[in-house]
Amino acid sequence: MKTSVTALSLLLACDMANAEITFSGYGSIVAGKVVSGEVDPSGEKEFQVDFYDYAFYTEDIDFEQESVIAVQMRADIADKLSATVQVVAKGADGWSPDVDWAYLTYQVGQDGTLMAGRRMLPMYYFSEYMEVGYAYPWIRPPANLYWWEITQFNGLTYSHNFFAGDWTIGTSVFGGRETQRDIKSHDFWRNRGGYYFPPAGTYIAGTADVTWSKILGTNVTASNDWIDLRASYFRTHYNTSAEVMFFDELDLDGDGVTDQIVERRSNPDGTPIISGDWPLTDFDLDFFGLGGSLTFQYVTLLFDYNYVIYDDGYGSRFPTYYVSAVYNHDVWQPYVGLSKAKLKLTENWQGFGVGDAEEHQIMTLGVRYNVAANAALKVEYNKFTDQGNRPGWYDFSYHNDAGLFSVALDFVF
């Protein structure tokens, strides 16, 4: 609601009487079902398709996890000034409308653009339209690559475009911050064997709040008639907090043996116990990205590579990549893809150890059928393979192998 009021105020603050307003939008109707795999600690066979909204499928057919509808309004307020607001409703969020975009755009000179407000954080190759299923061949970008909690930010972006021979070059710088509240990640993984805060006995009790502050980064794009490349970098300060719970072991008769275990979530005054800042919840983050597409006569190759550095207690490193080949045809577009993700620990924090703490991949096979100029039907199979092999609580891999079959109708209007 607060974001919605801010967006409305942004528009009302402008001279809307003379503004030219246009509407557009997009949507997806998606159904999925887990068709193979292993039972995870939740007792279900699950396949996660969205780490941001924590959408996942089970063996029951589900139409809500990835279905989405969005409406965008653009108002041309003056010769060089426009305002954009986009409202999105997702089945995974109970169809609660959310303002994803709300920003002003000002044309600076012939080739410069200044944007102020809330918009997508330009981190992935498909960031600008990562939720617009019609814009890419697959049903979804791979979840183990496009998985960070923060995808929008509030701030400023300046971009400048120019030509160099046959190449179109784009450069931009951006800065700002973002806070996401009640993120489901901690609650989701706690019920599947993961996420707790040392010392022993301190566990995540529910959702978490995450803030990326002091975001500062740059993007460079280069394209010609068959190559399109995008390099990105930004740095931010990461901070997360959550309600935590303790399990107190009580020795009632003093014989040195625990007689009762009591769960404690509140302070003496009744307020929730909130996790504090420490090396695993408060640190700097660096994001490096390189993505692109190579278009040949019969095949288009798509790729995206990210390398993320946490300056946390573990010295966490996240190398992830995706490659995909799509057959070029006006109506039918079969495709294959492979994504792979790792978590590497480089610091032996509190004796936890170093090395690969998590590793998994997703194989994708599907076909897109363009049923109309503004709609596409897609059928897809995904195979998730957990390749992590660290035993016990050292293993960060709580995903379990699974196969997913899904069908989608994507459209724009």
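What does the helix-only formula give at 222 nm for the chain: each DSSP H stretch with n ≥ 4 adding -39500 (n - 2.57), the total divided by the residues, and the result rounded to the nearest 500 deg cm²/dmol?
Computed mean residue ellipticity for the chain: -1000 deg cm²/dmol.
Length gain on complete extension for the stretch TYR106 to LEU294, per 0.36 nm per residue less the alpha carbon to alpha carbon distance?
Result for the pair: 64.5 nm of gain on full extension.
Determine the sum of side-chain charges near LEU365: Lys and Arg each +1, Asp and Glu each -1, restricted to other residues whose C-beta is under 14 angstrom from that of LEU365.
Net charge around LEU365: +3.
Show me, for segment 34-41, the HN-Hα J-couplings you get by feeding each phi into the Karplus relation (A = 6.51, B = -1.76, C = 1.60, θ = phi - 60°), rounded to Hz, glycine and proline as x.
So the J values, rounded to whole Hz, are 6, 10, 6, x, 10, 6, 8, x.
So what's the net charge close to LEU285: Lys and Arg +1, Asp and Glu -1, counting the other residues with Cβ under 13 Å from its Cβ?
Charge balance near LEU285 sits at -3.
With the Cα gyration tensor of the chain giving a ≥ b ≥ c as the square roots of its eigenvalues, does the rule (a/c under 1.5 for rounded; else a/b larger than b/c for prolate; else oblate) give rounded, prolate or oblate?
prolate
Apply 1/(1 + (r/R0)^6) to the Cβ-Cβ distance of TYR381 and GLU249, taking R0 = 56 Å, and write down the FRET efficiency to the nearest 0.05.
After rounding, the FRET efficiency stands at 0.75.
ALA19's amide H: which non-local residues (gap 5+, or another chain) put their own amide H closer than 5 Å, with H modeled 1.01 Å from N in plane and none for Pro or chain starts?
Residues meeting the amide H criterion: none.
Whole Å is fine, so just give me how far the alpha carbon centre of segment 326-386 lies from that of segment 113-191.
Using only Cα atoms to place each centre, the spacing works out to 18 Å.
In degrees between 0 and 90, to the nearest 10, how far off the longest principal axis of the chain does helix 2-12 point, with axes built from Cα atoms?
20 degrees
Which residues does a label at VAL371 reach in segment 117-137, if reach means a backbone N under 17 Å from a point 7 Å past the Cα toward the Cβ?
So the set is 133-137.
Output the relative contact order of segment 257-413, whole-number percent, from Cα pairs under 8 angstrom with separation of 6+ residues.
This gives 14 percent for segment 257-413.
What does the net charge come to around ASP228 if you take all other residues with beta carbon closer than 14 Å to its beta carbon, with K and R at +1 and D and E at -1?
Result for the neighbourhood of ASP228: -3.
Values in this text are rule-based calculations from the coordinates and carry no lab data. A quick note: this is a predicted structure, and the numbers were derived from the prediction, not measured. Neighbour counts run over all protein chains shown; Cβ positions are idealised from the backbone, glycine included.
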